[in-house]
Amino acid sequence: MALCSIFCPRIPVRFRPKPISPLLSKPLFPLSYRVYSSLQPTPSTKDELGSVSIGFLGMGIMGSPMAQNLLKAGCDVTVWNRTKSKCDPLVGLGAKYKSSPEEVTATCDLTFAMLADPESAIDVACGKNGAVSGISSGKGYVDVSTVDAASSILISKQIKDTGALFLEAPVSGSKKPAEDGQLIFLTAGDKLLYEKAAPFLDIMGKSRFYLGDVGNGAAMKLVVNMIMGSMMASFAEGILLSQKVGLDPNVLVEVVSQGAINAPMYSLKGPSMIKSVYPTAFPLKHQQKDMRLALGLAESVSQSTPIAAAANELYKVAKSYGLSDEDFSAVIEALKAARSQQS
Ligand SMILES: NC(=O)C1=CN([C@@H]2O[C@H](COP(=O)(O)OP(=O)(O)OC[C@H]3O[C@@H](n4cnc5c(N)ncnc54)[C@H](OP(=O)(O)O)[C@@H]3O)[C@@H](O)[C@H]2O)C=CC1
Ligand SMILES: O=CCCC(=O)O
């Protein structure tokens, strides 16, 4: 297929009609699948999909279900995780296992990485026995971790120095959307790799945005999560205030859910927050990391973000209370402690 076809205009994902059913909304072989790479024929059948060997690094809350969806769709998946035991369920489902990121990229055409933070994303890509050591020209590396732009650019440079292609593709959506293949990919980097990875992104997600140069996907993700972190902190304040003035916080959640400020997050997390339980979907430590990185982004362009700065302090307090691995909705505990200290 001619390379120029990669740049043929097509309907941006965000302008596509709303899906009628999950099956209809997620065809296994979307139109974009026709555009693959200059190096390989265009896959168009399930067998051809399985002929691209996929690597997946990081079997955490997000990485495991994402890799599982690729397996379920018939992909040839090889997994690696720092803590090896987390690969066992995937191997049980048919995944192959390699003992280092280097071995994964050496054997796979296209490798995804879903790691905790900038430090781990850089180490897994660029460290000893890292992805860079095994990757080579004709292959691709897609980092779906949430990191800052500088870290992503560093990883991109090292991957591209080998002749391989790089795409950053952090995701919006949490544990359940990851399980349901309903993530939103915020991609940037090599356009050719974006097209090459598209059918696989479409297995794991419901939409994807291509945002241009490496760093733009990271920045978009951080802005989105900065908003989310502030929303959650504000919601936590509201729940506690409603209780303190004698209102039923469950009714507050219901009222919020019917109005213009409704967000699925409130109905999803509110009832458990009221019961002081925080089943982890998005770990609080990662939300605080994202607030910190978003504040750094804001500082780099002298943008004032006082609301996010205040919310970040609450996540830091919650972390100091040992709530790092709880869901980020546990930020409410930081406000409870402040309240009990005052009274
Ligand atoms: N959970 C969520 O709702 C969402 C999370 N994200 C982002 O996705 C990324 C992953 O999140 P999530 O799956 O929830 O996180 P988890 O904490 O569940 O998983 C983190 C992964 O990173 C690995 N890891 C951590 N430190 C290192 C290291 N030093 N070297 C090698 N591997 C390491 C962990 O390995 P090990 O098992 O050995 O600890 C694990 O595989 C984060 O960037 C997060 O911000 C994005 C959207 C939603
Ligand atoms: O980074 C985590 C995002 C969680 C979400 O989008 O629901």
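The values are calculated or read from the model by the stated rules, or taken from the named source; none is laboratory data. Just so it is clear, the model here is predicted, and its values are computed rather than measured. Glycine gets a Cβ as well: all are built from the backbone with ideal geometry, and neighbour counts include every protein chain shown. These area figures cover heavy atoms from the full protein model, side chains too; ligands, DNA and RNA do not enter into them. Shrake-Rupley method; radii C 1.70, N 1.55, O 1.52, S 1.80 Å.
Points worth noting:
- Some residue of the stretch 190-197 being at pLDDT 95 or above, of a type outside the set (D, E, K, R), buried (at least 17 other Cβ atoms within 10 Å of the Cβ) and within 16 Å of ligand 2 (Cβ to nearest atom): no
For every residue, the table says whether it meets (1) within 29 Å of Gly74 (Cα to Cα); (2) touching a residue at least 12 places away in the same chain (Cβ under 8 Å); (3) outside any strand (DSSP E or B).
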site	(1), (2), (3)
Ala116	yes, yes, yes
Ile122	no, yes, yes
Tyr141	yes, yes, no
Thr146	yes, yes, yes
Glu179	yes, yes, yes
Lys196	yes, yes, yes
Ile203	yes, yes, yes
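- Residue among Ser152, Ser137 that is open to solvent by 10 Å² or more (accessible area, probe 1.4 Å) and small (Gly, Ala, Ser): Ser137
- Taking the criterion of being among the β-branched types (Val, Ile, Thr), over 17 Å from Ile227 (Cβ atoms) and touching a helix residue (DSSP H, G or I) at 6+ places or on another chain (Cβ under 6 Å), the residues of the stretch 270-324 that qualify are Ile274, Val317.
- Within the stretch 275-287, the set of residues being open to solvent by 10 Å² or more (accessible area, probe 1.4 Å) and not aliphatic (A, V, I, L, M) comprises Lys275, Ser276, Tyr278, Pro279, Thr280, Phe282, Pro283, Lys285, His286.
Condition check ((1) assigned by TED's automatic domain parsing to the domain that holds Pro170; (2) among the aromatic types (Phe, Trp, Tyr); (3) within 25 Å of Gly181 (Cβ to Cβ)) across all residues:
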| position | (1), (2), (3) |
| --- | --- |
| Pro199 | yes, no, yes |
| Met228 | no, no, yes |
| Ala233 | no, no, no |
| Glu254 | no, no, no |
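- Which listed residue, of Val147, Val214, is open to solvent by less than 40 Å² (accessible area, probe 1.4 Å), over 18 Å from Cys108 (Cα atoms) and within 16 Å of ligand 1 (Cβ to nearest atom): Val147
- Residue that is most open to solvent (accessible area, probe 1.4 Å), among those in the stretch 85-132 that are away from ligand 1 (no atom under 12 Å from the Cβ) and among the aliphatic types (A, V, I, L, M): Leu93
- The residues on offer are Val142, Val147, Val124, and the sole one that is aliphatic (A, V, I, L, M) and within 16 Å of ligand 2 (Cβ to nearest atom) is Val147.
- Criterion applied to Lys176, Lys160 was being of a type in the set (Lys, Arg), surrounded by fewer than 22 Cβ atoms within 10 Å (Cβ to Cβ) and within 12 Å of ligand 2 (Cβ to nearest atom), and the one residue passing it is Lys176.
Table: residues versus (1) in contact (Cβ under 8 Å) with a residue 12 or more places away in the chain; (2) not assigned by TED's automatic domain parsing to the domain that holds Met66.
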| site | (1), (2) |
| --- | --- |
| Gln182 | yes, no |
| Thr187 | yes, no |
| Lys191 | yes, no |
| Val223 | yes, yes |
| Ile239 | yes, yes |
| Asn250 | yes, yes |
| Gln258 | no, yes |
| Tyr266 | yes, yes |
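- Leu268 meets each of the listed conditions (1) within 16 Å of ligand 1 (Cβ to nearest atom); (2) on the phi < 0 side of the Ramachandran plot; (3) surrounded by 21 or more Cβ atoms within 10 Å (Cβ to Cβ) apart from (3).
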